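One structure is given here, and the rest of the page talks about it.
Nothing in this text is a laboratory measurement; each read-out follows from the coordinates by a stated rule. No experiment lies behind these values; they were computed from the predicted model shown. We place every Cβ from the backbone using ideal geometry, glycine too, and count neighbours over all the protein chains shown.
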Amino acid sequence: MLIHETPLAGAALVELEKREDDRGFFSRSFCREEFERAGLEPTVAQCNLSFNHRKGTLRGFHYQLTPNAEAKTIRCVRGAVYDVIVDLRTDSPTFLRHFGTELTADNRLALHVPRNFAHAYLTLTDDAETLYQVSTAYTPGAERGLRWNDPALAVEWPVTVEQVSDKDGNWPLLAEVPVASR
């Protein structure tokens, strides 16, 4: 695996280091020791698979409050998504800054999302599917979210958002949420 830093400390792109021959290729997609050496959260408590029928489907921004904050590693295994993370660490120099990248079945990149970051993605193709490795089990009472179209975040989504759940469309705007509650 090749681990590349992003502009947000602790977040990383994970690239496969392929061993190819005439059959195809083999690569490790996760290695606890390599994650630890790179300073990434290596714990996997849960794996999730998300399938989306239509291009323009948005999921997020989701996060969980401490002590249930999650680190996630997201990979698109079918189709393509535009994946965005927001730094919610109040002591971070990149607090409330975001980073977005395209994850596709073809580029086989994964995005490692540290704890205390919000995460969302928008499907760029029909029938897009993502696989998540998550450090902490889903805890409904700890779940929170940011509005995907919050003007304070100013995320530039690469395609029109066509479908979003009621829950994701109604998260509060940052201006409505005290910093201590995020």
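Taking the radius of gyration and the Kirkwood hydrodynamic radius from Cα positions alone, what is the Rg/Rh ratio for segment 54-111, to two decimal places? Checking Rg against Rh, the ratio lands at 1.01. In the chain, Cα pairs under 8 Å separated by at least six residues give a relative contact order of 28 percent.
For a Förster distance of 41 Å, can you work out the FRET efficiency between the beta-carbons of Asp22 and Val177, rounded to the nearest 0.05?
0.15
With a simple spin-label model that places each label point 7 Å from the Cα along the Cα-to-Cβ direction, the separation between Leu131 and Glu34 comes to 1.4 nm. The modelled label-to-label distance for the pair Gln46/Gln163, using points 7 Å beyond Cα in the direction of Cβ, is 2.3 nm.
Distances between every pair of Cα atoms in segment 1-99, grouped in 5 Å steps from 0 to the bin holding the largest one, split as 2, 9, 17, 22, 21, 16, 8, 3, 1, 0 percent. For segment 44-181, the direction-averaged projected area of the alpha-carbon convex hull comes to 7.8 nm². A straight line joining the Cα centroids of segment 73-151 and segment 18-61 runs 12 Å.
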